[in-house]
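Q: Submitted below is the structure of interest, expressed as structure tokens.
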Amino acid sequence: MLDGRRQRNRVVISGAGIITPLGYGWSKNSNGFRAGRNALSLVTLFDVSRQKAKVAGQVNLPESLPENRLTLRNKKRIDRAGAMLLLAGSEAFHASGWDFAKMDKLIPICLGTSAGSMELGEDYYRVAIEGTTRRQQAERISGYQTHRQGMQLCEAFGINASLTIISNACSSGANAIGHAFRLIQRGHARRAVAGGYDALCKMVFAGFDSLNALSTTSPRPFAADRDGLGLGEGAAIFCLERMDDALKRGAHIYAEIGGYAAATDRHHLTQPHPEGVSAYSTMNHSCIEACVNPADVAYLNSHGTGTPLNDSAEGRAICHWAGNAVQELRVSSTKGNIGHLLGGAGAVESAICLMAMEGRWIPPGVSVANPDPVCDFDLVQSPREVSSLPVTLTNSFGFGGSNASLVFKLATS
Amino acid sequence: MSMSSSDIGITGVGVVSPAGWGFPAMLHCLNENKPIEKIVHKDKVSGRNFLRREVPAPNKTNSLFRNPRLRRTSPVSRYLAAAAFEALGEQRLEQIASNNLRIGIVVSSYTGCVNFSQRFYQEVLDDPLTASPIIFPETVFNAPSSHLSALIGSSEINYTLVGDESQFLSALEVGVNWILDDELDAVLVAAGEENNWLSSDALSIFKKTPVLGEGACALLLERCDNPMAKINLITDRLNYTSTTPRAKTLSAMRAQLPEGIISDVLFEGINEGSLWEDFAGKRLNVRDIMGEGFGVSVGWSCAAAAGLIGSGQFHSAIVSGSGMDQSCASLLIGS
């Protein structure tokens, strides 16, 4: 029996992979985020002619998937979300240098997703309601289940895994990383795979549009005249392990996960508390765990959806939390560039923090002529190089008041 | 990761099932071993008939359902709320209200808020411009668990885990670890499912003439010297894969239980073949009584096991959480 109560292992990220509307792979995304490229475009994946909003961040999937162990039959069953998961996973596993064949213990895989493979669920429903055929319905309903995508990832790379799928809406990806972090930190596991993913689909797009949460112009987080978010899709996957293990095998360490906190905002199902009390709580507690002060945080990747309610609540929470350090605190939201990736957001935005720390730059958000007055912090709107980024923090806040913050530190043994 | 502990116990149980609102109603039906009457239900949207065992209407107006958070929710949120309040009881609710109990929530779900999801998507197909903004938020997987946090008044961590029947045991493990790690004083682990023709349609691809069940269960986990039942072991959750046949995975699951273990009662899972053919104790199958409750079936089994142990009828129980098509795990609990 492992007794986690006395253990506090240091946990590092030693492998990472990413796919977003900016492209596939670490360097393509790093270059894109560093330059503040905008990857939103008119939606072509499904019909939006009867929607108020028309743009989203769509991923251009590569023509072929990376080499993997799936049978031809199973490869044909991979849907859009599953493909992104496989692509991000492949890059992360390759970067980590892990050899799954030599790992005899179950590896926890913690994935966050909000919609999973909704596209297949939609297909299933349309065929079922017509009621004329059941052809391929078994494949659709099996593939629709999010666990199946995780299983594909395991089978594709020969991972003997224990899967946990966290569906905490837009904080799912951050929760998944945080959960994996805890498992290692408290001694329940030595290593884990974690990340988040989501693909665009008609139902979710229409859902956010029905709430008037989507921008009908262009998403511009923290602008005084912001009018909503843009949706996006993508995935990021990480390999987490104990720092001593990573150092021993001479692994490349992207960063140490310093702290994680999750809390629930009880104010409303879809609206944050106006003062962002839970947001404050997760920023505060994650930093306490990481033994850092707000003044130590060199960059904060905000949740920053671009909706009027989120940005003002988060902005207030950031100012409250940062206190006297607020004017020096560099903040941006990358959702204006690639869209809101829902269950994938927390993971992709964690990757952005790691890229920034590695390259010593701040990812700019879209330029806004008139920032919200709540922005007492340094809202980064254009590319910026810095001498070092020892500590970064990322926020993820979701429907249902699911809030999470992660703190990353440059690894020092 | 498997989990073994003698520190954490189940101190409260709440159930909503086709047997009625409340844990005693389900326990009574299980003791009687008499299946709940199944009915043919006609779905309004699709016009399809399907067989189900449904949760009866509450006997009297429950003030809980007048809470604004539950006004527009799908049935599963109401089932979960009722089960959670029953599991917590007044004393724990007062402790939470006075910030004297740090309580987290883990909800496991398989089909989610399927009624509202179906309804909303049909509206999108009809015309996205007129799709209801009221329904959409209730389609999100974590809407029910969010309502739970709001209703019981806890701002602590809250996870919604998605998976088949075996997921409930993983949810229990998450809860146990949170307490063992001293993150929280207590964790409410819950599962809920609701009937819908779409679930029946999907299940009928794999099973002839399925009979659905619905409801919720909630287990309160705490450190306690004298709980209803102690959680002794939760085995690793193992996946069925295309290279590992189901039977082999199930055997590997069983092999994790201590050799020669004697248990009084076994709550059977799905399609387990000869896995437990040598089991000498009493066997119970909640699905036979309540219908196919998907993710909540294993929750009901755990609740029943805790109740039967708590009442002194049995000393220990195994809940075999073999899921329909994803993975399996099992639970060993005892007095």
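Q: For region A:212-253, give me the residue count where each residue is within 30 Å of A:Q185 (Cβ to Cβ) and assigned to a strand (DSSP E or B).
A: Residues that pass the stated criteria total 9.
Q: Any residue at all in region A:255-277 that is over 25 Å from A:R191 (Cβ atoms) and among the aromatic types (F, W, Y)?
A: Checked against the condition, which is being over 25 Å from A:R191 (Cβ atoms) and among the aromatic types (F, W, Y), region A:255-277 yields no hits at all.
Q: Hey, could you check region B:146-159 for residues that are assigned to a helix (DSSP H, G or I) and facing chain A (nearest Cβ under 7 Å) and say which is surrounded by the most Cβ atoms within 10 Å (Cβ to Cβ)?
A: B:S146
Q: Filter region A:161-190 down to residues that are more than 7 Å from chain B (Cβ to nearest Cβ), over 17 Å from B:V162 (Cα atoms) and either touching a Cys at 6+ places or on another chain (Cβ under 7 Å) or not in a helix (DSSP H, G or I) (or both), then give me how many there are.
A: Residues flagged as more than 7 Å from chain B (Cβ to nearest Cβ), over 17 Å from B:V162 (Cα atoms) and either touching a Cys at 6+ places or on another chain (Cβ under 7 Å) or not in a helix (DSSP H, G or I) (or both) within region A:161-190 amount to 2.
Q: Go through region B:124-145 and give me each residue that's surrounded by fewer than 20 Cβ atoms within 10 Å (Cβ to Cβ) and not hydroxyl-bearing (S, T, Y).
A: B:L125, B:D126, B:D127, B:L129, B:P133, B:I134
Q: Within region A:237-254, take every residue that is more than 19 Å from A:I177 (Cα to Cα) and of a type in the set (A, V, I, L, M, F, W, C) and give me the one that is nearest to the chain's Cα centre (by Cα).
A: Among them, the one singled out is A:A251.
Q: So which pairs qualify, if the first residue must be in region A:367-388 and farther than 16 Å from A:W321 by Cβ, the second must be basic (K, R) and in a loop (DSSP other than H, G, I, E, B), the Cβ gap must be under 7 Å, and the two must be at least 6 apart or on different chains?
A: Partner pairs satisfying both residue conditions: A:V368/A:R220; A:E385/A:R360; A:V386/A:R360; A:S387/A:R360; A:S388/A:R360.
Here's the yes/no breakdown for (1) under 27 Å from A:I338 (Cα atoms); (2) among the basic types (K, R):
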site	(1), (2)
A:R226	yes, yes
A:I253	yes, no
A:D265	yes, no
A:P274	yes, no
A:T282	yes, no
A:H285	no, no
A:C291	no, no
A:A295	no, no
A:Y299	yes, no
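Q: Just the residues that are farther than 11 Å from A:A261 by Cα and aliphatic (A, V, I, L, M), please, taken from region A:164-176.
A: Matches in region A:164-176: A:I165, A:I166, A:A169, A:A176.
Q: Another question, if that's okay. What's the number of the only condition in (1) within 14 Å of chain B (Cβ to nearest Cβ); (2) closer than 17 Å to A:A156 by Cβ; (3) surrounded by fewer than 20 Cβ atoms within 10 Å (Cβ to Cβ) that A:K54 fails to meet?
A: (2)
Q: Quickly run through region A:191-208 and pick out the residues that are facing another protein chain (nearest Cβ under 10 Å) and among the charged types (D, E, K, R).
A: Within region A:191-208, just A:K202 meets the criteria.
Q: Continuing with the same structure: Please verify whether A:P390 is within 19 Å of A:P219 (Cα to Cα) and touching a Leu at 6+ places or on another chain (Cβ under 7 Å), treating the condition exactly as stated.
A: Considered against the rule, which asks whether it is within 19 Å of A:P219 (Cα to Cα) and touching a Leu at 6+ places or on another chain (Cβ under 7 Å), A:P390 comes out as no.
Q: In addition: From B:V187, B:V174, grab the single residue that is facing chain A (nearest Cβ under 8 Å), buried (at least 21 other Cβ atoms within 10 Å of the Cβ) and under 22 Å from B:S146 (Cβ atoms).
A: Of the residues listed, the single one that is facing chain A (nearest Cβ under 8 Å), buried (at least 21 other Cβ atoms within 10 Å of the Cβ) and under 22 Å from B:S146 (Cβ atoms) is B:V174.
Q: Only one of these is within 10 Å of chain B (Cβ to nearest Cβ), small (G, A, S) and either touching a residue at least 24 places away in the same chain (Cβ under 8 Å) or touching a helix residue (DSSP H, G or I) at 6+ places or on another chain (Cβ under 6 Å) (or both): A:G97, A:G143, A:G116, A:G89. Name it.
A: A:G116
Q: Take the residues in region A:249-297 that are among the polar types (S, T, N, Q) and at pLDDT below 95, then tell me which one is surrounded by the fewest Cβ atoms within 10 Å (Cβ to Cβ).
A: A:Q271
Q: Let me ask you something else. List pairs: first in region B:118-129 and within 7 Å of chain A (Cβ to nearest Cβ), second surrounded by 15 or more Cβ atoms within 10 Å (Cβ to Cβ) and of a type in the set (K, R), Cβ under 7 Å, 6+ apart or cross-chain?
A: Sorted first by the residue in region B:118-129, then by its partner, the pairs are B:V124/A:K202.
Q: Could you grab me the full set of residues in region B:318-335 that are at pLDDT 95 or above, touching a helix residue (DSSP H, G or I) at 6+ places or on another chain (Cβ under 7 Å) and under 27 Å from B:L203 (Cβ atoms)?
A: Answer for region B:318-335, where residues must be at pLDDT 95 or above, touching a helix residue (DSSP H, G or I) at 6+ places or on another chain (Cβ under 7 Å) and under 27 Å from B:L203 (Cβ atoms): B:V319, B:C328, B:A329, B:S330, B:L331.
Q: Follow-up question, since we're still on this one. Do we find that A:N160 is modelled with pLDDT under 95, touching a strand residue (DSSP E or B) at 6+ places or on another chain (Cβ under 7 Å) and not hydroxyl-bearing (S, T, Y) in this structure?
A: Spelling it out, A:N160 is indeed modelled with pLDDT under 95, touching a strand residue (DSSP E or B) at 6+ places or on another chain (Cβ under 7 Å) and not hydroxyl-bearing (S, T, Y).
Q: For A:E233, all conditions in the list (1) surrounded by 24 or more Cβ atoms within 10 Å (Cβ to Cβ); (2) within 23 Å of A:F408 (Cα to Cα); (3) of a type in the set (D, E) hold save one; what is the number of the exception?
A: (2)
Q: Suppose we filter A:A88, A:A16, A:A81 for residues that are surrounded by 24 or more Cβ atoms within 10 Å (Cβ to Cβ) and not in a helix (DSSP H, G or I); which single one remains?
A: Within the list A:A88, A:A16, A:A81, the selection yields A:A16.
Q: Within region A:209-222, work out how many residues are within 14 Å of chain B (Cβ to nearest Cβ) and surrounded by 23 or more Cβ atoms within 10 Å (Cβ to Cβ).
A: Residues flagged as within 14 Å of chain B (Cβ to nearest Cβ) and surrounded by 23 or more Cβ atoms within 10 Å (Cβ to Cβ) within region A:209-222 amount to 4.
Q: Also, I was wondering about something else. Give region B:98-117 a look and list any residue that's of a type in the set (S, T, N, Q), part of a loop (DSSP other than H, G, I, E, B) and more than 11 Å from chain A (Cβ to nearest Cβ), or say none.
A: B:S98, B:N99, B:N100
Q: Could you please let me know if B:T209 is more than 14 Å from every other protein chain (Cβ to nearest Cβ) and surrounded by fewer than 21 Cβ atoms within 10 Å (Cβ to Cβ)?
A: In short, yes.
The values are calculated or read from the model by the stated rules, or taken from the named source; none is laboratory data. Just so it is clear, the structure is predicted and the values come from calculations on it, not from any experiment. As a convention, Cβ positions derive from the backbone with ideal geometry for all residues, glycine included, and neighbour counts pool all protein chains shown.
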